[in-house]
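No value in this document is a laboratory result; all are computed from the given coordinates. Since we're looking at a predicted model, the values are computed, not measured. We place every Cβ from the backbone using ideal geometry, glycine too, and count neighbours over all the protein chains shown.
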Amino acid sequence: MSVLILAIESSCDDTSASVIQDGEVLSNCIANQEIHKLYGGVVPEAASRAHQVNIVPVVDAAIKKAGIKKENLSAIAFTRGPGLIGSLLVGVSFAKAFAMSLEIPMIEVNHMQAHILAHYAEEPKPPLPFLCLTVSGGHTQIVKVTDHLKMELLGSTIDDAAGEAFDKAAKLLGLSYPGGPLVDELSKEGDAERFTFTFPKVGELNYSFSGLKTQFLYFLQKEEKLNNKFIQQNLNDICASYQQHIINYLFIKLKKAVAHYNIKDVAIAGGVSANSCLRKTLEKTGQEEGWNTFIPEFEYCTDNAAMIAITGQFKLEKGHLSDQSATPSARMTF
Ligand code: KG4
Ligand code: ZN
């Protein structure tokens, strides 16, 4: 008999529901929250309230699009963490009620593990073991994936995430939220070598992005003092140079990890893996260094419930279930 899983993702500001059948994605519906654009960043209270409004219609849409009956579902998977507590609570509570009413098992999923396992929603699937650079709005990690559910954190940011570095810089440039995709777009017409920034000194395979934010702020303040139209006149070059700097920095550590662990199957995951320059750089570096590279489809880069469903399927196969005592967790390790 086939395994049908409904999954819920509500860790930040996207409400998503997905149905998969034996690992094949039948639907992956996402409701974005426009309200945060007004504030230039995610407002937790507003995110929680918007999830509350969106969750039933999004689940309904995912079930209808999949063309299934909810009574035929085998299990429900949900994001337990990491994320914003008020946002996670909505998904966890919904999953509990849904599981109870249908008398089906619940599967809790780690959001960061799911970003990585999104690669198993499509071909080619990375062989084990592989390394994954996971870059999102809240995390920047280099992970060794030994088995689908066995992951080791090799390095991570000690402060801000790469996505945050994109979003905060975009805000300083007067761009809307989320700024990452806008910086990406504006960079396409810019000179990436025009402006330079310095790298922080952080040990091993760890990253730091908070200093870069300050560096960028001082750079803009200095230039705007000399020419109050500096941003306006140089927007494409500023974006391209800043984006290039982040990507160069990500790759310094990623190359170090590949050399140290001698694993040449290398993937990227998370919202920032949608960045066109990051995707091209991985492909090019792979060709130069002899790596096999894995780049997710756009649909599976930013937050989505299909990745939660895929992870749920791996956990269900191993019998890793949760129950009505499940609670959301703002911080979670592998
Ligand atoms: O994985 P995700 O959807 O949510 C978290 O788990 O945090 O990642 C969101 C982040 C945001 O910071 C957003 O600006 C960034 O991913 N992002 C991008 C691009 N698309 C999304 N950053 C750079 N270039 C992009 N094309
Ligand atoms: Zn995410």
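Candidate membrane-span-like segments in the chain, meaning DSSP H helices with Cα atoms spread over at least 15 Å of their own axis and a Kyte-Doolittle mean of 1.0 or above, are 85-102, with no membrane implied.
Footprinting exposure proxy ranking of 140, 146, 134, 157, fewest other C-beta atoms within 10 angstrom first, gives 146, 157, 134, 140. A Stokes-Einstein calculation at 25 °C with viscosity 0.890 mPa s, built on the Kirkwood radius of region 146-216 over Cα pairs, returns a diffusion coefficient of 175 µm²/s. Counted residue by residue at 0.36 nm each, then reduced by the alpha carbon distance between them, the extension gain from residue 260 to residue 144 reaches 40.6 nm.
By the count of neighbouring beta-carbon atoms within 10 Å, fewest first, 149, 278, 6 end up ordered 149, 278, 6.
Taking each of 144/201; 256/315; 201/315; 201/225; 65/315; 64/171 in turn, the alpha-carbon distance tops 27 angstrom for 256/315; 201/315; 201/225; 64/171. Based on DSSP, what percent of beta bridges with both residues in region 22-166 are antiparallel, to the nearest 5? Percent antiparallel among DSSP bridges in region 22-166 is about 70.
Just add up the charged neighbours of residue 315: K/R +1, D/E -1, any other residue whose Cβ is under 14 Å from the Cβ of residue 315. Neighbourhood net charge equals -1. In region 1-62, the ratio of gyration radius to Kirkwood radius, Rg to Rh, stands at 1.08 when only Cα atoms are counted.
Taken over the alpha carbons of region 179-247 as equal point scatterers, the Debye sum produces base-10 log I(q)/I(0) values at 0.16, 0.21, 0.22 Å⁻¹ of -0.58, -0.93, -1.00. For residue 27, the amide hydrogen comes within under 5 Å of the amide hydrogens of 19, counting only partners 5 or more places away or on other chains and with H modelled in the peptide plane. Diagonalising the gyration tensor over the Cα atoms of the chain and scaling each eigenvalue by 5 before taking the square root yields semi-axes of 35, 23, 16 Å, largest first.
Three semi-axes describe the equivalent ellipsoid of region 210-291; taken as square roots of 5 times the Cα gyration tensor eigenvalues and ordered largest first, they are 32, 13, 10 Å.
Sorting 100, 112, 307, 332 by the number of Cβ atoms found within 10 Å of their own Cβ, with the fewest placed first, yields 100, 332, 112, 307. Write down the percent of antiparallel bridges among all DSSP beta bridges whose residues are both part of the chain, to the nearest 5. About 60 percent, rounded to the nearest 5. I need to check one value: relative contact order of the chain, counting alpha carbon pairs closer than 8 Å and at least 6 residues apart, in percent. So the answer I get is 25 percent. Compute the distance from the alpha-carbon center of region 22-77 to that of region 113-191, in whole Å. Each part's Cα centre sits 21 Å from the other's. Our summary gives region 50-111 a relative contact order of 40 percent, counting only alpha carbon pairs under 8 angstrom and 6 or more residues apart. Over region 72-199, the pair-distance histogram of Cα-Cα distances with 10 Å bins from zero comes to 10, 28, 32, 22, 6, 2, 0 percent, rounded to whole numbers. Considering all C-alpha pairs of region 279-330, those separated by over 13 Å amount to 73%.
Only helical runs count toward this figure. For the chain, summing -39,500 (n - 2.57) over DSSP H runs of n ≥ 4 and dividing by all residues gives -14000 deg cm²/dmol at 222 nm.
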